[in-house]
1. Once a ≥ b ≥ c are taken as the square roots of the eigenvalues of the Cα gyration tensor of the chain, is the result rounded (a/c under 1.5), prolate (a/b larger than b/c) or oblate (a/b not larger than b/c)?
2. When the helix-only estimate is applied to the chain (DSSP H runs of n ≥ 4, each -39,500 (n - 2.57), divided by the residue count), what is the mean residue ellipticity at 222 nm, nearest 500 deg cm²/dmol?
3. Per residue, how big is the convex hull around the C-alpha atoms of the stretch 35-102? Give it to me in cubic angstrom, could you?
4. Based on the alpha carbons, how large is the Rg to Rh ratio for the stretch 1-58 when Rh follows Kirkwood?
5. At a Förster distance of 25 Å, what's the computed FRET efficiency of Thr76 paired with Asp43, Cβ-Cβ distance as r, to 0.05?
6. Taking the solvent-accessible surface of protein heavy atoms with a 1.4 Å probe, what is the per residue accessible area of the chain in Å²?
7. Given Cβ point charges of +1 (Lys, Arg) and -1 (Asp, Glu) and nothing else, what value in debye, to the nearest 20, does the dipole of the chain about its Cα centre take?
8. With a cut-off of at most 14 other beta carbons within 10 Å, and DSSP calling the residue loop, which trypsin sites (Lys or Arg not before Pro) in the stretch 49-142 qualify? Please list them.
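The values are calculated or read from the model by the stated rules, or taken from the named source; none is laboratory data. Since the model is a prediction, treat every value here as computed from it, not as a measurement. Ideal geometry is used to build each Cβ from the backbone, glycine not excepted, and the neighbour counts take in all protein chains shown. Surface areas here come from the heavy atoms of the whole protein model, side chains and all, with no ligands, DNA or RNA. Shrake-Rupley method; radii C 1.70, N 1.55, O 1.52, S 1.80 Å.
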Amino acid sequence: MIWKTKYSVEDLEPLGKGTIHDALGIQLTSVGTDSISGKMPVDERTKQPAGILHGGASIVLAESLGSIASNLVIDTDKYLAVGQSVNANHLRPATAGFVHGTAKAVHIGKKTQVWDIEVVNDAGKKVCACRLTTAVIHKPQF
């Protein structure tokens, strides 16, 4: 297991309350030993005017999963992992149902992390391939 602590979906649900996760209907679906997964509906909140999933919505799902995962492997009393760079390749349109994302670590360093996030449709066909780099910074004192 790569996580600092053993987490369940229920443990992590409060992270999305009152955030873009609520606005777009993003839900965490599983926490594996080395991955985190979630889903997002393809509906009026996430579609572009052409009636297909907006690429930015795919990126929100991917960056959300990667950022959560990035924070699960650090000491969050002292540090915070924040998105530094995201790259996405949109591979096929989605028009209905859900898209499902899974984040897996490529590199977990002291100052940076790299995560690959695969977004697929309900049939398991790849919709978007993303790579997220996070910066691990000292937690701000507000």
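1. Details: a/c = 1.79, a/b = 1.69, b/c = 1.06.
The shape class here is prolate.
2. On the way: 3 runs with 27 residues, N = 142.
Using -39500 (n - 2.57) per qualifying helix, the result is -5500 deg cm²/dmol.
3. On the way: hull volume 6.3 nm³, N = 68.
That works out to 93 Å³ per residue.
4. On the way: Rg = 13.6 Å, Rh = 12.8 Å.
Value, to two decimals: 1.07.
5. Values: r = 32 Å, r/R0 = 1.29.
Approximately 0.20, to the nearest 0.05.
6. Details: 7750 Å² over 142 residues.
Heavy-atom SASA per residue in the chain reads 55 Å².
7. Details: 15 positive and 13 negative charges, 77 e Å.
Roughly 360 debye for the chain.
8. On the way: sites: Lys78, Lys104, Lys110, Lys111, Lys125, Lys126, Arg131; in loops: Lys78, Lys110, Lys111, Lys125.
Passing both the DSSP loop test and the Cβ count: Lys78, Lys110, Lys111, Lys125.
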